[in-house]
Structures are given as structure tokens and as C-alpha cells.
Amino acid sequence: DREAAGLVAGDTGQFMLVLVTASMLATPGAAALGSRIAARGAAGAPVADPVDQAYRAGHIIIGGYGRVGRLVADVLARQSIACVAVERDHQLAAAGRDGKSNVYSGDASMPDMMARLGVGRSAGVVLTMDDPKAALQATHALRRQYPAIPIFARARDEKHARLLKDAGASGGTV
């Protein structure tokens, strides 16, 4: 037992376990999206007009900016990958903007919101919402509007992972 050995306090150990696990789950998705961005850049993907759109082609859209969404954004930032997030909780969105992140209040399942964030020109979407129904709804909506866009989604359990995959989540889940 770590605590009995005096190495790490129980709460700290639990927090570190969650943090390391989340980063391990997010890294393969971030790496895959980074590869797609690099491939698009090498192919000479056109850059959107900065007056019309705030984001260039190849950015990542994060649906949900809670603990896991912030972690994914941090991993992408460390790899110099542009990202923007959309969060339903206005307080979380405001806190993200205060931290100088590109976070907007809105719902990732709303086609108009995702279009404003440039989903059609993005390299992919990472859905990190804590609410399984919201993640499923966003996956359905995105797949319906953008059949070719890569969608990586946070699954709560194996059953939820199957539902997300059936709804159109790409390959694995986060």
C-alpha cells in the first residue's frame, strides 16, 4: 500500500492515477489527429480567409471543456496543434476564456455552432463531455452533417463505447 509505505497520500495518489490515465487515453487520439494535420499541411491544404473564419484548416474541435477537455487541449497545445473548444456550461467556458483558451459557450451537437467553429475544415473532433447522452447526441449530429470527419469520443464504459461507435465515432474512443 502506497500510503502505508509513506510514498504518496491517498487523495494525491488517486488524483495522479486519474490524471495519468486520462493523459494516456488522450495521447493516442491527439497523436492520430496530429498526423492528419501534418498530412493535410503537406498536401497544401488551403488556409481559410482570416476575416471570415477564426480557424485555419486542420484545427481540432473539443466538445466539452471540463477536466478531460482541458487535458486534451493542453496535450494539443504542447504539440503546437491549434484547437478550439465548445462547452455547454457557461461558467466553464468563461473560465477557459479567462485562461486565454479558445473556449466558446455552446453545444457540440448543434450544427450551427460547429459550423461557426469550422468543423468542415477541421482535422477532427474530440468529444470529452461528462454526460454520456450529450456525447452520443453530438456524435450522431456530427456524423449526420459531416460523414468524413474523424470523431473521437470519451466513453463512460464498454456499452457506451459501443453506442458511440455505432453512432459514428471513429476507430477508438477517448
Residue pairs meeting the criteria (Cβ under 8 Å; at least 6 apart or on separate chains; first without any contact (Cβ under 8 Å) to a residue 24 or more places away in the chain, in region 153-171; second of a type in the set (Asp, Glu)): none
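Taking region 96-112 on its own, how many of its residues are of a type outside the set (S, T, N, Q) and either in contact with an Asp or Glu (Cβ under 9 Å, 6 or more places away or on another chain) or assigned to a loop (DSSP other than H, G, I, E, B) (or both)?
If we filter region 96-112 for residues that are of a type outside the set (S, T, N, Q), which is where we start, we get 96-100, 103-104, 106-108, 110-112.
If we keep only those that are either in contact with an Asp or Glu (Cβ under 9 Å, 6 or more places away or on another chain) or assigned to a loop (DSSP other than H, G, I, E, B) (or both) too, we end up with 96, 99-100, 103-104, 106-108, 110.
Adding up the residues that qualify gives 9.
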Selection from region 75-89 of residues that are surrounded by fewer than 18 Cβ atoms within 10 Å (Cβ to Cβ) and either in contact with a Pro (Cβ under 9 Å, 6 or more places away or on another chain) or under 26 Å from Arg144 (Cα atoms) (or both): Ala82, Asp89
Residues that are open to solvent by 10 Å² or more (accessible area, probe 1.4 Å) and outside any loop (DSSP other than H, G, I, E, B), drawn from region 128-140: Pro132, Lys133, Leu136, Gln137, His140
Counted residues, region 118-127 - those being of a type in the set (Val, Ile, Thr) and in a loop (DSSP other than H, G, I, E, B): 0
Residues satisfying the stated conditions in region 57-80, i.e. part of a loop (DSSP other than H, G, I, E, B) and either farther than 21 Å from Gly120 by Cβ or modelled with pLDDT of 90 or more (or both): His59, Gly64, Tyr65, Gly66, Gln79, Ser80
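The values are calculated or read from the model by the stated rules, or taken from the named source; none is laboratory data. These numbers were taken from a predicted model, which means no experiment stands behind them. Glycine gets a Cβ as well: all are built from the backbone with ideal geometry, and neighbour counts include every protein chain shown. The area values use the complete protein model at the heavy-atom level, side chains included, leaving out ligands, DNA and RNA. Shrake-Rupley method; radii C 1.70, N 1.55, O 1.52, S 1.80 Å.
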